[in-house]
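Derivation of every value follows stated rules applied to the coordinates shown; laboratory data play no part. As the structure is a computational prediction, the values presented were derived from the model and not from experiment. Cβ: placed from backbone, ideal geometry, glycine included. Neighbour counts: every protein chain shown.
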């Protein structure tokens, strides 16, 4: 299979898998399977941040939440430590499934392993592709899910929200920061104020 066709093969297989998500999300006037919608947001932001992304990055971004509904957060206990265990388990699963799909589409083992490393985020801060994936994911969160997440958690106090914003910010590169600040201009007032206060604090630096 030639390179353009194997990329199309991998993207199509990931899309087919994510279209099986029983949960839905509105996108424009449509209701789409949630993780399929998420994958489209990831691809859009990837190309916004990187004009000519590699095949590995295109696949990794599309597979960032690959079949995530099959590993519900509820299967793990409450609390931050259990949340991180769940996130790590999801990353391993996404990486493994993406690698399987890539192998089926004709990618060599080295390229399959490369995408698996990116998705597990084992080398965040050390690996440019992994960091780019994190920038993209943070932009998707800020644009599409931050407002909903805020509305769904009225019991969180202000300090907790400031920590969440600062942790998200700390994961991003200067390029991500610049893009996020531009995006923030269109945020609801309460979220913009929260972002500004978080970044004004010494922990944000």
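Some observations on this one:
- Residue-span extension gain [residue 73 to residue 54] - 0.36 nm each, minus C-alpha spacing: 3.7 nm
- For the chain, the longest principal axis of the alpha carbon atoms and the long axis of helix 189-200 meet at an angle near 90°.
- Degrees between helix 34-49 axis and first principal axis of the chain (Cα, 0 to 90, nearest 10): 80
- Gaussian network model of the chain, Cα within-10 Å springs - most flexible of 36, 83, 145: 83
- Sorted peptide list for 130-137, 21-28, criterion being average Cβ within 10 angstrom, highest first: 130-137, 21-28
- Relative to the dominant Cα principal axis of the chain, helix 3-18 is inclined by about 60°.
- Computed over the chain: relative contact order in percent, which uses C-alpha pairs under 8 Å that are six or more apart: 18
- Estimated distance in nm for a label pair at residue 123 and residue 82, the labels positioned 7 Å out from Cα along Cα-to-Cβ: 3.4
- Computed E for residue 191/residue 31 - FRET, C-beta separation, R0 35 angstrom, nearest 0.05: 0.90
- FRET efficiency estimate (nearest 0.05) - Cβ-Cβ, residue 113 to residue 150, R0 30 angstrom: 0.20
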